[in-house]
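What follows draws every value from the coordinates through simple rules; no lab data is involved. Quantities reported herein were computed from a predicted structural model and do not represent experimental measurements. Virtual Cβ from ideal backbone geometry, glycine too; neighbours counted across all protein chains shown.
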Amino acid sequence: MKQPDFSLNQGWWYPAILSVILLLIVLFMRKKRINWVEIYITFGVIGYLVWMIDMTIAVPFDLFDLGNPQKEGIPEITLFGIIPSCLSVIYLNVYKDEKKWFLVILFVILSLILEFLTTKVGLMKDYNNWYSTPVHFIAYAFFLPWHLKFIRRILG
């Protein structure tokens, strides 16, 4: 029987375990400010956007190396499709206008720490984690609050 052509690189366990933890948080957290439809839409939109940004910016400009560049695997699925989506859902669930800047700073720092750990376990190579700071800041400060308002306006 032929083995699947699927990459399990050094440090693959880190995003896999982190994804499971974040998915469990999303599933079992008390839904304070976001409902299941908003979670579903946010999960899909953020996962899609992160994959598209990776494919149109990170890959062509070779911004970083993630495992084996010839293969896709669990690290890519989790780092692009699951982790950012879960963090976005958790952020929107706790988001309040009066706590906006505290939460933005908290989630930017959390995202940078999680990304830093990706480099420390040897999964992501040749990347300066500070490059992501403006992206995280824009996502948490502006895009995600707008995104939730947009969903609610469309759904009525």
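Tabulated data
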{"quantity": "Full-stretch length increase - R153, Y48 - with 0.36 nm per residue and alpha-carbon distance subtracted", "calculated": "35.7 nm"}
{"quantity": "Inter-site label distance for I25 and I57 at 7 Å from Cα along Cβ, in nm", "calculated": "2.3 nm"}
{"quantity": "Neighbour-count ranking [beta-carbon atoms within 10 angstrom, fewest first] of F107, F137, F142", "calculated": "F142, F137, F107"}
{"quantity": "For the stretch 92-155: span of alpha carbons on each principal axis (Å, largest first)", "calculated": "42, 23, 18"}
{"quantity": "Restraint check, K96/K125; K99/K125; K32/K100; K32/K149; K100/K149; K31/K149, Cα-Cα greater than 24 Å", "calculated": "K96/K125; K99/K125"}
{"quantity": "Paramagnetic reach from W101 (point 7 Å along Cα→Cβ, amide N under 20 Å) across the stretch 113-156", "calculated": "133-146"}
